Amino acid sequence: MQKNYASILLFKVFGIIKKSKAVILTITITITITLIITLFMLLNTVNYAYAKNTSYAKNTSYAKNTSSTIDVKSFGAVGDGITDDTAAIKKALASKYKNIIINPGQYKVTDNLVVKDKIISAYKATIYTDNTFVGTLTHSGNKQSLILIRNGVNKTMISGLTVESRETQEIRCKGDIDIRDCTNVIIQDCNFINETNMGIAYDSNIDLYSGWENVTIKNNKMTLNTNASSGGCIWVRNFYNKGDCSNLLIEDNTCIKNSHDEILAIFHGEMSNIIICNNDFITKSGTNSSSPFAFSIASSSANLKNVSFINNTANVEYTLALFKLHGDAGIKKDQVYINDNTFICNISGTDHITSLFYATANQSISDMTICRNDITINTASESEACRVVYMGSYTGEVLFEDNNIKADRISNLTYGSRILAKGNTVEVETYISNAVFKETTYIVDNKIVCGTLDGTFSQIQSEVDQDIIISGNIFTADNTSTTDGFIMCITNKLNNHSFQVENNVFVITELLAEKRLYHIQLKDTTVQVLIDKNNKITNMPSDYYDDYTKSNLLIKIS
């Protein structure tokens with residue numbers, strides 16, 4: 001009989017099922033769970049794909065709204081030189097865009113522009129103001145600067161912008177850029193043009209007013225020919241003394257002005273770490289009175305530390321001083337360096353003695369150098385002369401070294417007891433009208449040539465509080481006309497300090513009056529010592545004499 005294998009197999013399966021209901025239940029549960037898990041995974045896969053939707057997470061239009069670039073014409077600016085673009089530019093500056101482009105063109109502006117945490121690129125663009133400028137932001141009744149960078153700004157840069165004042169009527173006060181209470185500011189490659197003679201009472205190209213830190217002013221041209229009664233191209237100060245303003249670089253700029261005040265002034269408040277280098281400074285004569293000072297470093301109430309004025313050129317006109325270095329009593333100036341510059345000094349409009357480097361008394365000065373400068377001095381008339389370095393009574397020393405000076409006439413080369421005069425070369429065309437070195441106690445290795453010496457080589461009238469060293473100098477004059485002592489005149493106390501006159505060469509072609517080598521009148525009650533060693537005096541008559549009247553002085557000659 002043939003077997004029915006299909007029936008047998010089916011029978012066995014049913015037998016198994018019949019015998020093992022528990023197994024069937026287990027299999028059913030397993031299949032059900034597997035289906036649920038599979039369905040969950042399918043649903044989860046769809047949700048995951050949606051969560052990573054790149055069109056949402058990487059929305060490029062949103063990214064631009066927060067951090068990219070836009071131009072002012074996108075906000076309606078025209079730049080045709082006629083349309084008032086103030087509102088459009090303000091909208092751009094107030095927008096969420098970080099980088100603002102000012103397209104090439106002429107943009108008329110009638111109100112202040114506030115810049116906060118923006119990167120502005122404006123090459124070939126000019127923003128200008130005219131008689132319609134309103135200036136709604138004022139301070140003490142005066143209009144504030146056109147561009148205001150202030151109040152918590154952390155990073156702002158303006159590049160390539162031309163700012164021009166075209167007013168033809170008088171303005172009480174308006175500068176170009178005002179920087180205050182902010183950090184990390186860069187102004188570069190800009191051109192500031194103020195050419196109209198409108199009688200502005202106050203005007204500056206860039207004014208660092210207070211509370212600033214980390215500022216760079218680089219490769220700009222500033223023209224300030226508005227004949228303002230106050231203001232300059234760059235003013236640096238810390239009004240209200242808001243902390244220690246620090247870290248300022250002023251480099252590669254050209255500054256031209258004829259306003260009444262300094263072309264660059266550093267004053268009022270605590271400031272430190274200021275570098276002024278590789279700039280060109282030019283002043284012009286205006287209808288207003290000439291500036292009394294070309295530059296100020298620490299006038300008024302400013303305490304300064306680490307200020308360098310190096311590798312600059314200046315062709316300037318003034319009536320009182322090239323550099324005003326003085327301030328109120330007790331003011332401190334530490335680490336001030338005026339080195340490696342070229343100065344052409346045009347002194348005008350005065351009938352009194354002026355100075356190149358001028359500091360008043362009662363200051364604390366330490367580590368100041370005036371070194372390796374090329375200085376040309378031009379005076380307007382024969383009645384004018386100048387002191388090159390004048391330092392009042394103060395603590396600390398000033399190193400005046402290796403300068404090259406050419407002048408038509410001077411009054412003193414140095415005036416001050418704390419000046420170290422060393423290695424300077426001086427050519428005076430006509431005359432030196434007073435002592436070459438007055439009150440100066442360290443005079444070493446200087447070379448001086450002049451026409452007429454109408455005074456002494458060295459004169460000290462104050463009480464001496466340090467050693468006197470006059471050594472290695474070469475002095476040549478066509479003639480002398482004074483009857484005072486040629487080498488030294490002391491009319492006070494020496495106080496037992498060393499007094500050495502050694503290794504000097506004095507060449508006098510002609511004596512126009514009776515001449516004494518030493519004219520010394522000491523008020524000391526004890527004997528003082530002068531060491532006169534290896535000095536050469538050429539073309540002096542054999543009968544020249546020394547006057548030690550009323551002096552307790554022992555002369556050691558070798």
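Laid out as a table, the results:
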| quantity | calculated |
| --- | --- |
| Flag for ILE275 being within 20 Å of ASN341 (Cα to Cα), in a strand (DSSP E or B) and at pLDDT below 90 | no |
| Residue list for segment 318-341, restricted to those being modelled with pLDDT of 85 or more and closer than 19 Å to ILE375 by Cβ | ALA321, LEU322, PHE323, LYS324, VAL336, TYR337, ILE338, ASN339, ASP340, ASN341 |
| So SER393, is it modelled with pLDDT under 90 and more than 23 Å from PHE343 (Cβ to Cβ) | yes |
| Any pair with Cβ under 9 angstrom, 6 or more apart, that starts in segment 451-475 at a residue that is in the same structural domain as VAL428 (by TED's automatic domain parsing) and under 18 Å from LYS493 (Cβ atoms) and ends at one that is of a type in the set (Lys, Arg) and assigned to a strand (DSSP E or B) | SER458/LYS438; GLN459/LYS438; ILE460/LYS438; GLN461/LYS438 |
| Segment 94-113: number of residues that are under 20 Å from PHE192 (Cα atoms) and crowded, with 18+ Cβ neighbours inside 10 Å | 10 |
| Some residue of segment 399-417 being among the basic types (Lys, Arg), within 25 Å of ASN492 (Cα to Cα) and touching a residue at least 12 places away in the same chain (Cβ under 8 Å) | no |
| Entirely in segment 366-465, the strands (runs of 3 or more DSSP E) that have 1 or more residues that are hydroxyl-bearing (Ser, Thr, Tyr) | 374-379, 386-391, 412-415, 425-432, 442-444, 447-453, 458-460 |
| Flag for GLY451 being over 17 Å from ASP402 (Cβ atoms) and surrounded by fewer than 22 Cβ atoms within 10 Å (Cβ to Cβ) | yes |
| Boolean, ASN446 is assigned by TED's automatic domain parsing to the domain that holds LYS493, closer than 22 Å to THR379 by Cβ and modelled with pLDDT under 95 | no |
| All positions within segment 68-102 that are of a type in the set (Val, Ile, Thr) and more than 17 Å from TYR128 (Cα to Cα) | THR69, ILE70, ILE100 |
| Test: residue in segment 125-132 that is under 18 Å from ASP207 (Cα atoms) and not in a strand (DSSP E or B) | no |
| In segment 72-115, the residues that are part of a helix (DSSP H, G or I), touching a strand residue (DSSP E or B) at 6+ places or on another chain (Cβ under 6 Å) and charged (D, E, K, R) | none |
| Residue count for segment 239-260, restricted to those that are in a loop (DSSP other than H, G, I, E, B), at pLDDT below 90 and buried (at least 24 other Cβ atoms within 10 Å of the Cβ) | 1 |
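Matching residues to (1) in contact (Cβ under 8 Å) with a residue 60 or more places away in the chain; (2) among the polar types (S, T, N, Q); (3) over 18 Å from CYS190 (Cβ atoms):
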{"site": "ALA87", "(1), (2), (3)": "no, no, yes"}
{"site": "LYS96", "(1), (2), (3)": "no, no, yes"}
{"site": "TYR123", "(1), (2), (3)": "yes, no, no"}
{"site": "THR156", "(1), (2), (3)": "no, yes, no"}
{"site": "LEU161", "(1), (2), (3)": "no, no, no"}
{"site": "GLU167", "(1), (2), (3)": "no, no, yes"}
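The values are calculated or read from the model by the stated rules, or taken from the named source; none is laboratory data. This one's a predicted model, so the numbers in the text were calculated from it and none came from an experiment. All Cβ positions, even for glycine, are placed from backbone atoms using ideal geometry, and neighbour counts span all protein chains on display.
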